[in-house]
Each structure stands twice: as C-alpha cells, then as structure tokens.
C-alpha cells in the first residue's frame, strides 16, 4: 500500500515532461495540469492544451523511483511513501 498524496481534486500540479509523447511540444503548449483523483496504485491527472484535454495515470512506483516528478500547487514534491 502507498500513503495518500493529500492533493485536492482540481489542484494545479507540475509534472515532469517524461509523461508526454512529445515533451518539447507539450512544454510549449501546455496550459495547465490538474490533479483529478487518487487510487491505490497511483494518481490521475488532467493535462490541458489549446486543442483539448486528456487524462494520464501515473503509478506510484514511477514517482517512488524518481522517474516522474510531481509537485503540488505550492511547489512541494509529492512523494510516494510505502505504508
């Protein structure tokens, strides 16, 4: 089990570019990234671009090993902690 992130639904978050298919274009065109929901195996975020929105799932192990960095609206790193 993983400890909860304590993010709130709709909260603006910052996520490393490795989650995007085209990181260079994503960083130029990204409008906002919001936290959507949390599950036992990870979190779901919504990425907003000029041409629409889409949702991505980020699993806890990816956050735990540092492959994906997630920061809350205050700039604090969201850490994956095993219970």
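Select from region 50-64 the residues that are touching a helix residue (DSSP H, G or I) at 6+ places or on another chain (Cβ under 9 Å) and either surrounded by 15 or more Cβ atoms within 10 Å (Cβ to Cβ) or farther than 16 Å from residue 20 by Cβ (or both) and list them in ascending order.
56, 58, 62
Residues in region 23-35 that are within 19 Å of residue 73 (Cβ to Cβ) and more than 9 Å from the chain's Cα centre (by Cα): 27, 30, 31, 32.
Scanning region 2-29 for residues that are outside any strand (DSSP E or B), in contact with a strand residue (DSSP E or B) (Cβ under 7 Å, 6 or more places away or on another chain) and within 19 Å of residue 62 (Cβ to Cβ) yields a count of 5. Selection of region 65-78 for residues being surrounded by fewer than 15 Cβ atoms within 10 Å (Cβ to Cβ) and in contact (Cβ under 8 Å) with a residue 60 or more places away in the chain yields 73, 75. Of everything in region 18-46 that is touching a helix residue (DSSP H, G or I) at 6+ places or on another chain (Cβ under 7 Å) and at pLDDT 90 or above, the residue that is surrounded by the fewest Cβ atoms within 10 Å (Cβ to Cβ) is 41.
The values are calculated or read from the model by the stated rules, or taken from the named source; none is laboratory data. Source: prediction; values computed, not measured. Here Cβ is always computed from backbone atoms with ideal geometry, including for glycine, and neighbour counts include all displayed protein chains.
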